[in-house]
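What follows is a set of notes on a single structure, which appears directly below.
The values are calculated or read from the model by the stated rules, or taken from the named source; none is laboratory data. Treat the numbers as computed from the prediction; the structure is a model and nothing was measured. In this analysis, Cβ positions are derived from the backbone assuming ideal geometry, glycine residues included, and neighbour counts consider all displayed protein chains. These accessible areas exclude ligands, DNA and RNA; they are computed on the full protein's heavy atoms, side chains included. Shrake-Rupley method; radii C 1.70, N 1.55, O 1.52, S 1.80 Å.
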Amino acid sequence: MQARRLAAVTTAIAGIAAAALSSPAVARADDSGTHVRPGPAILYQQPATAPQLTNTDPWEARPLLVSGAHAYVDGEFLYQDFLYDDSGANGRFNDPNDKRPQNDLFSLRTGTYSYPSDPRYAGNAADLVELRLRPSDGSTLFRITLTELKDPSVVAATIGIGTPSSASKPFPYGANVSGPADHFLSVHGGSADFDGAAVPATIDQKRAQITLSVPHALWDPGSSVVRLTAGVGLWDAASNSYLLPQQASSATTPGGAGVLTTPAAFFNVAFRESETQASVFRFMQPQQSPTQCMWRDCLQAAALASNDISSLHEDVSFAKLDSEVTDRSGVPVRGSIDRIMSSHFDFGDDVTYANSNSQVNPADYDGEYQGQLQPYNLYVPTTWQPGTALPLTLLLHSLSANYNQYMATNNQTEFGERNAGTLVATDESRGPDGWYYDSAEADVFEMWADVAHHYQLDTTRTALTGYSMGGYATYKLGTQFPDLFSRAFVTVGPPADGIWTGPPGVVPATGGDQTNTYFMLDSLRNLPILIWHGTNDELVPAEGPQLVAQQLDNLNYRYEKDTFPGYDHFAFAEADNYTFPTQFLDDATTPVNPPHVTYVVNPTMDFEDVGVVADHAYWLSGLTVRDPSQTRGKVDVRSEGFCTGDAPASATQFGAGVAATPYTRQYKTWGDAASAPCADTLDVNASNVSSIVVDVQRARVDCNVKINLQSDGPVTITLVGGGTSPCAGTVVPASATRAASVTNLAALPNTSGAGSGAGGAAGVLAVIGLLAMRVRRRGSRRR
């Protein structure tokens, strides 16, 4: 494990035990027993705070955390920019030395600039996060916050200051940009000046913040309205001017100027509240380039290409600042919103493309965007009112796409506006091609926790869906953490990392069979799933999803597989019709304590260093694989304490439907479960599993439960819970002869949720009696 990751892990995992009982309501947990929470530990960690989002005196206002927004808060004016949008002007042709993968068609920048390769530039040295200002005694203070500030000597920024009637003037220091201004405040190489006169500059590298002070002797705004324009670029100390992009980058020169004869120096421009909300995932015609604006950088790229940023400005009222009013009317509260969150993990602050695709090595993915600040998109329905709890739908992005993939599509709005309204969240997953492994998967749950920190969630109705690679994530997260979700919907998703056509056990997946969720479908017993696929899919062969459907059918699970004749991989995005899936997702709730639990544990998908371990579901936890060489283990447990049998599955049904075009249906449903005799009994069937923890209270049995066991090897079963009479002593089921012993409480692993999944907060199990029995299969299996 890398040393830099160890530090991040300490930050993320320390204190989870205490946080487990006090974190926001992100996922439903039963109110009794040991509080085995669904999902991974990182989902319940207290919110992190990146240094860039903190204040030092005299700054007090909390950051807006909504990109493309501005507000007045207690005497401060704040503008929040977009993350990782520092791509400069559109020069039409990219830098030939650009490290960014050009096959990431759905997350290409509109601007063509690229950074010098020297590590001092970190791949994003000029990325603006926030610009704020406030009046002070005898001066006006400005603060610029960047995503990182590794070397202040290579960064420069200029703020144009004028009035609504100011004429456009060239920015200083060879910026090759004009804008409305009467004065210019610049910081460059660590020093600052106002129209050439030196002014104080305070640099905080840890917070990536630069504070500038303009004395009233140089400029006194009084209570006027001030028009501001601003941009950030790179500095050339040798020429005492901005460092301008060339056609090709080098260690010390930016690239991507393309056809521009006088390239603008700015990589990032402020005050872009009206940045285009384009549909970013469509092929309108075969071979046509996808729509741009994936990074909300279209207006910026066009303005810089014209060398005139006059249209990107903000009029700031100093009368409002003097009266310290709070005015958040410039912060969107509904619709498609780009938000900023603080991750618990900092893998180096840089933007790097050395490990851009986890399919190469899914077990070591730090992503392209390695710092603490991470973006995500959240759709807030038009019906939302503060204080109203809404369901959450995870809508996960495709390979080569980013967090804005679904902006301005029906794929987002139909889900968001369904029923009484739903929050719809799409994370960046630290890059376009993470396949939801390692840090890319952790990012999903950190986003979820961040949404819960800002909004009230109806945790009984959380849906999971995604397109293409996001469809794989739906299979993956659904089988790893089935007790988090009420329904799942896959659009053109592969069942494995990469391509898989089957048959199972004969033809491996390109990403390895350890990534193939086909072998984990047993976990979906209590999670109904809808699958959409086309017969002519050129990227995800139709054979794989059809094998998934057939296996779900064989398992007698609830599923539906809809097949669209003639549809290729992009046809669903083009048709953009999701009426039926919204109906499928509506009104379903997540079962908390189902009477029958089946779960496949796959430790190759666990990443404890980022708080993602899948070893528990519903009232089972602490599941371990006996023989890791077999990759997976499976456990099937039915409690007779619920006094009900399994719901009967229908015969395989077939039909047809229409969603922009006709399609065929294959599906199974369940009827009502019949009553069954009540018994203090667990029927356990285990394969390649060495340990199982059962919460007896949630399973509706007690500490004297009889266990009917079938296993292919030794199993340790630990009973926890028991309410007012916690489990203590020895249980010897009548079904078999076996040695039994009382588990030593002091020897138990930490079951706080930091990896074992056997309990909630640390200390919960300290007051609960525990029993372990070592069970060895002898001869034939006994019932």
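Of note, residue 547 does not satisfy the criterion of being under 26 Å from residue 685 (Cα atoms), in a helix (DSSP H, G or I) and open to solvent by less than 10 Å² (accessible area, probe 1.4 Å).
Taking residue 636 as the residue in question, decide whether it is touching a helix residue (DSSP H, G or I) at 6+ places or on another chain (Cβ under 6 Å), charged (D, E, K, R), surrounded by fewer than 23 Cβ atoms within 10 Å (Cβ to Cβ) and at negative phi.
Criteria not met by residue 636.
Please find, among 674, 660, the residue that is more than 36 Å from the chain's Cα centre (by Cα) and open to solvent by 50 Å² or more (accessible area, probe 1.4 Å). From the options 674, 660, the qualifying one is 674.
Could you check, for region 351-364, whether at least one of its residues is among the charged types (D, E, K, R) and within 28 Å of residue 272 (Cβ to Cβ)?
First, the residues of region 351-364 that are among the charged types (D, E, K, R): 364.
Remaining after also requiring within 28 Å of residue 272 (Cβ to Cβ): none.
No.
Just one residue in the set 754, 766, 736, 740 is modelled with pLDDT under 50, under 30 Å from residue 45 (Cα atoms), surrounded by 15 or more Cβ atoms within 10 Å (Cβ to Cβ) and not basic (Lys, Arg); that residue is 754. Within region 139-148, does at least one residue satisfy the condition of being over 21 Å from residue 347 (Cβ atoms), in a loop (DSSP other than H, G, I, E, B), touching a Lys or Arg at 6+ places or on another chain (Cβ under 9 Å) and among the hydroxyl-bearing types (Ser, Thr, Tyr)? Within region 139-148, not a single residue is over 21 Å from residue 347 (Cβ atoms), in a loop (DSSP other than H, G, I, E, B), touching a Lys or Arg at 6+ places or on another chain (Cβ under 9 Å) and among the hydroxyl-bearing types (Ser, Thr, Tyr). Inside region 307-338, residues that are touching a Ser or Thr at 6+ places or on another chain (Cβ under 7 Å) and either in a loop (DSSP other than H, G, I, E, B) or buried (at least 21 other Cβ atoms within 10 Å of the Cβ) (or both) make up a count of 7. For residue 589, the conditions (1) touching a Ser or Thr at 6+ places or on another chain (Cβ under 6 Å); (2) surrounded by 15 or more Cβ atoms within 10 Å (Cβ to Cβ); (3) among the β-branched types (Val, Ile, Thr) all hold with the exception of (2). Taking the criterion of being among the charged types (D, E, K, R) and more than 28 Å from residue 718 (Cβ to Cβ), the residues of region 660-688 that qualify are 665, 668, 672. Here residue 105 passes the criteria (1) modelled with pLDDT under 95; (2) open to solvent by less than 10 Å² (accessible area, probe 1.4 Å); (3) aliphatic (A, V, I, L, M) except the one numbered (2). In region 491-519, of all residues being among the hydroxyl-bearing types (Ser, Thr, Tyr) and outside any loop (DSSP other than H, G, I, E, B), the one that is most open to solvent (accessible area, probe 1.4 Å) corresponds to 518. Checking each residue in region 372-403 for being in a loop (DSSP other than H, G, I, E, B), within 18 Å of the chain's Cα centre (by Cα) and of a type outside the set (Phe, Trp, Tyr) picks out 372, 397, 398, 399, 400, 401, 402. Residue-level check: of (1) at pLDDT below 95; (2) farther than 20 Å from residue 617 by Cβ, residue 662 misses just (1). Each residue in region 73-91 was checked for being open to solvent by 10 Å² or more (accessible area, probe 1.4 Å) and in contact with a Leu (Cβ under 8 Å, 6 or more places away or on another chain), and 2 pass. Using the structure shown, decide if residue 146 is within 29 Å of residue 315 (Cβ to Cβ), touching a residue at least 40 places away in the same chain (Cβ under 8 Å), under 28 Å from the mean Cα position of the chain (by Cα) and crowded, with 16+ Cβ neighbours inside 10 Å. Considered against the rule, which asks whether it is within 29 Å of residue 315 (Cβ to Cβ), touching a residue at least 40 places away in the same chain (Cβ under 8 Å), under 28 Å from the mean Cα position of the chain (by Cα) and crowded, with 16+ Cβ neighbours inside 10 Å, residue 146 comes out as yes.
Only one of the numbered conditions (1) open to solvent by 10 Å² or more (accessible area, probe 1.4 Å); (2) closer than 26 Å to residue 577 by Cβ is not met by residue 483, and that is (2). Can you tell which of 238, 251, 265, 257 is in a loop (DSSP other than H, G, I, E, B) and touching an Asp or Glu at 6+ places or on another chain (Cβ under 6 Å)? Testing whether each residue is in a loop (DSSP other than H, G, I, E, B) and touching an Asp or Glu at 6+ places or on another chain (Cβ under 6 Å) leaves just 251. Screening 714, 648 for residues that are without any contact (Cβ under 8 Å) to a residue 40 or more places away in the chain and not β-branched (Val, Ile, Thr) leaves exactly one candidate, 648.
Restrict the check to region 559-568 and report whether at least one residue is within 24 Å of the chain's Cα centre (by Cα), within 22 Å of residue 412 (Cα to Cα) and either open to solvent by 10 Å² or more (accessible area, probe 1.4 Å) or in contact (Cβ under 8 Å) with a residue 60 or more places away in the chain (or both). The answer is no, given that none of the residues of region 559-568 is within 24 Å of the chain's Cα centre (by Cα), within 22 Å of residue 412 (Cα to Cα) and either open to solvent by 10 Å² or more (accessible area, probe 1.4 Å) or in contact (Cβ under 8 Å) with a residue 60 or more places away in the chain (or both). If I filter region 113-130 down to residues being under 18 Å from residue 257 (Cα atoms) and touching a helix residue (DSSP H, G or I) at 6+ places or on another chain (Cβ under 8 Å), which single residue comes out as most open to solvent (accessible area, probe 1.4 Å)? Among them, the one singled out is 115.
Annotation: of all residues in region 404-439 being closer than 10 Å to residue 381 by Cα and assigned to a loop (DSSP other than H, G, I, E, B), the one that is nearest to the chain's Cα centre (by Cα) is 422.
For region 533-550, how many residues meet the condition of being in contact (Cβ under 8 Å) with a residue 60 or more places away in the chain and touching a Phe, Trp or Tyr at 6+ places or on another chain (Cβ under 8 Å)? Within region 533-550, residues that are in contact (Cβ under 8 Å) with a residue 60 or more places away in the chain and touching a Phe, Trp or Tyr at 6+ places or on another chain (Cβ under 8 Å) number 2.
Put simply, of 167, 157 the only residue that is open to solvent by less than 10 Å² (accessible area, probe 1.4 Å) and either charged (D, E, K, R) or touching a residue at least 12 places away in the same chain (Cβ under 8 Å) (or both) is 157. Selection over region 237-252 of residues that are buried (at least 20 other Cβ atoms within 10 Å of the Cβ) and of a type outside the set (A, V, I, L, M) gives a count of 3. Output yes when any residue across region 179-194 is part of a loop (DSSP other than H, G, I, E, B), open to solvent by 10 Å² or more (accessible area, probe 1.4 Å), without any contact (Cβ under 8 Å) to a residue 24 or more places away in the chain and more than 25 Å from residue 118 (Cβ to Cβ), and no when none is. Looking for residues that are part of a loop (DSSP other than H, G, I, E, B), open to solvent by 10 Å² or more (accessible area, probe 1.4 Å), without any contact (Cβ under 8 Å) to a residue 24 or more places away in the chain and more than 25 Å from residue 118 (Cβ to Cβ), one finds at least one in region 179-194, hence yes. Evaluation of residue 620 against the conditions (1) touching a helix residue (DSSP H, G or I) at 6+ places or on another chain (Cβ under 9 Å); (2) crowded, with 23+ Cβ neighbours inside 10 Å shows that the sole unmet condition is (1).
So which of 459, 409 is within 29 Å of residue 606 (Cβ to Cβ), surrounded by fewer than 24 Cβ atoms within 10 Å (Cβ to Cβ) and of a type in the set (Val, Ile, Thr)? Walk me through how you get there before you give the answer.
Numbers: 409 fails: within 29 Å of residue 606 (Cβ to Cβ).
Going through 459, 409 in turn, just one is within 29 Å of residue 606 (Cβ to Cβ), surrounded by fewer than 24 Cβ atoms within 10 Å (Cβ to Cβ) and of a type in the set (Val, Ile, Thr): 459.
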